[in-house]
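> Supplied in structure tokens, the structure appears directly below.
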Amino acid sequence: MDTKKVEKISKALADPNRLLILKELRKNQDCLYCSDVYEFIDLTQPSISHHLKQLSDAELLIPVKEGRYVKYHLNTGIIDQYVAFLQGLKS
């Protein structure tokens, strides 16, 4: 993983609301609809959309369009790569 990618992921993870979204995704079998996010975060729709876009741009989420709705899946592969990069810094 290149350092640009690590930087983008690190910035996306720096926000507590985004971390909460990822945590809830994990609880819900790695899948959430945008409308599900309103149930556990007290933010406006544009703010939630912004956070989901930041996570998607960092490739932490995989958006899948289903008609009018978007379903978000956790990208465990990119998370594994990110963790491996961080562990490489440790040694």
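> Surrounded by 12 or more Cβ atoms within 10 Å (Cβ to Cβ), basic (K, R) and touching a Phe, Trp or Tyr at 6+ places or on another chain (Cβ under 8 Å): does that describe K53?
No, not satisfied.
> Condition check: exposed (fewer than 11 other Cβ atoms within 10 Å of the Cβ) and in contact with a Lys or Arg (Cβ under 9 Å, 6 or more places away or on another chain). Does K90 satisfy that?
No; evaluated as a whole, the condition is false for this residue.
> So, K27, is that one among the basic types (K, R) and exposed (fewer than 12 other Cβ atoms within 10 Å of the Cβ) or not?
yes
> Tell me, which helices (runs of 4 or more DSSP H) wholly within the stretch 1-48 include 1 or more residues that are of a type outside the set (V, I, T) and at pLDDT 90 or above?
In the stretch 1-48, the matching helices (runs of 4 or more DSSP H) lie at 3-13, 16-27.
> Let me spell it out: the conditions are (1) in contact with a strand residue (DSSP E or B) (Cβ under 6 Å, 6 or more places away or on another chain); (2) surrounded by fewer than 13 Cβ atoms within 10 Å (Cβ to Cβ), and P16 meets all of them except one. Which number is the exception?
Evaluating P16 over (1) in contact with a strand residue (DSSP E or B) (Cβ under 6 Å, 6 or more places away or on another chain); (2) surrounded by fewer than 13 Cβ atoms within 10 Å (Cβ to Cβ) leaves (1) as the failure.
> If A84 passes every condition in (1) in a helix (DSSP H, G or I); (2) of a type in the set (A, V, I, L, M); (3) without any contact (Cβ under 8 Å) to a residue 40 or more places away in the chain but one, which one does it miss?
Tallying (1) in a helix (DSSP H, G or I); (2) of a type in the set (A, V, I, L, M); (3) without any contact (Cβ under 8 Å) to a residue 40 or more places away in the chain, A84 fails exactly one: (3).
The values are calculated or read from the model by the stated rules, or taken from the named source; none is laboratory data. Model, not experiment: these values are computed from the prediction. Note that we place each Cβ from the backbone using ideal geometry, even for glycine, and neighbour counts take in every protein chain shown.
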